[in-house]
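Following: one structure in structure tokens, then a few remarks.
Values quoted throughout were computed directly from the atomic coordinates according to the rules given, and no laboratory measurement underlies them. This structure is a prediction, so every number in the text was calculated from the model and none was measured. All Cβ positions, even for glycine, are placed from backbone atoms using ideal geometry, and neighbour counts span all protein chains on display.
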Amino acid sequence: MANRTRHFLTLLDLSADELKHVIEQAIARKKALKQGEIFEPFKNKVLGMVFEKSSTRTRVSFEAGMTQLGGSAIFLSSRDTQLGRGEPVEDSARVLSRMVDIVMIRTFAHNIVERFAQYSSVPVINALTDDFHPCQLLADIQTYVEHRGSPAGKVVTWIGDGNNMCQSYINAARLCDFELRIACPEGYAPNPELVKLNADRVQVLSDPKQAVKNADWVVTDVWASMGQEQEQKQREKQFGGFQVNHELMSEANKDALFMHCLPAHRGEEVSAELIEDEQISVVWDEAENRLHAQKALMVFLHEQSR
Ligand code: CP
Ligand code: NVA
């Protein structure tokens, strides 16, 4: 029996070595899957998937992944569960974790996943909160490793909003030992405490050109995240000049890669030409790797919590 249940609420719930292990497993199992190998350690296991925000990639990758691992998944929308009618998170956690083997949650405030995990007897995975999106980082790191090898010592540039993805890149910089330069308009910087904690490798700038100089890996995301739809117009004005396009990428290293967690808004944070340029943009591999990385994560958390 394990003495504790392992959760994945931020990337920092894994050590650097554990993260490396999960990424290696994701890459190896992806290859094996493509060669037709069946790997079903989760026979009779069930994943509960709680969604309080929309999703395409996250829902499909977790659901397909669980099926491939021999288990099954239940989609729980806040629109038709008691959680959406005000049943306390702590009660929902105790009930669901008596019935399923892993829980995945996509929600608003980060403390919802923390409270849920505190009361859950099975692993809880953060599938996006207002503050962090660590599952996406697993896929992004896997994608970088597959295309270019280890990210250690590389220069990564984040352009745009200091949002949940940006903050997850700050944690990734620490765990993967890369330099992170963030360029955002005034008023849209990531959490200053998180930046301060990682000041040895994270820099916040205001000029995208300066930030992208000699970068190996360039990333952006939408200007208005889920829950900020009413700020869209205002943000479009303030983020002018923060589009990642071929001109900006020409400042980066020659073999620099472009990533975006998707969905993308062409003509806003990224140009249509750049996202479609498969010499630079690896967004489709990145999206596919959600499947492989999360399968490896679920197997790891489950093994560790046994
Ligand atoms: N990147 C990502 O999490 O996509 P979805 O919102 O479609 O799940
Ligand atoms: N920052 C975006 C990511 C979507 C996957 C959002 O929170 O809406």
message = For region 150-165: of the residues being within 16 Å of ligand 1 (Cβ to nearest atom) and touching a strand residue (DSSP E or B) at 6+ places or on another chain (Cβ under 8 Å), which is farthest from Ala139 (Cα to Cα)?
response = Gly160
request  = Give me a count of the residues in region 95-125 that are in contact with a Lys or Arg (Cβ under 8 Å, 6 or more places away or on another chain), crowded, with 17+ Cβ neighbours inside 10 Å and within 28 Å of Pro192 (Cα to Cα).
outcome  = 2
Flag if Leu128 is within 11 Å of the chain's Cα centre (by Cα), assigned to a loop (DSSP other than H, G, I, E, B) and surrounded by 21 or more Cβ atoms within 10 Å (Cβ to Cβ) = yes
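The rows are residues; the columns are (1) in contact (Cβ under 8 Å) with a residue 24 or more places away in the chain; (2) within 16 Å of ligand 1 (Cβ to nearest atom); (3) of a type in the set (Ser, Thr, Tyr).
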{"position": "Arg98", "(1), (2), (3)": "no, no, no"}
{"position": "Ile105", "(1), (2), (3)": "yes, yes, no"}
{"position": "Ala117", "(1), (2), (3)": "yes, no, no"}
{"position": "Ser120", "(1), (2), (3)": "yes, no, yes"}
{"position": "His133", "(1), (2), (3)": "yes, yes, no"}
{"position": "Ala139", "(1), (2), (3)": "yes, yes, no"}
{"position": "Thr143", "(1), (2), (3)": "yes, yes, yes"}
{"position": "Gln167", "(1), (2), (3)": "yes, yes, no"}
ask   = Within the group Ile23, Ile74, which residue is assigned to a strand (DSSP E or B), more than 16 Å from ligand 1 (Cβ to nearest atom) and touching a residue at least 12 places away in the same chain (Cβ under 8 Å)?
value = Ile74
request  = For region 278-293, enumerate the residues that are over 14 Å from Thr157 (Cβ atoms), touching a helix residue (DSSP H, G or I) at 6+ places or on another chain (Cβ under 7 Å) and not hydroxyl-bearing (Ser, Thr, Tyr).
outcome  = Val282, Val283, Asp285, Glu286, Ala287, Asn289, Arg290, Leu291, His292, Ala293
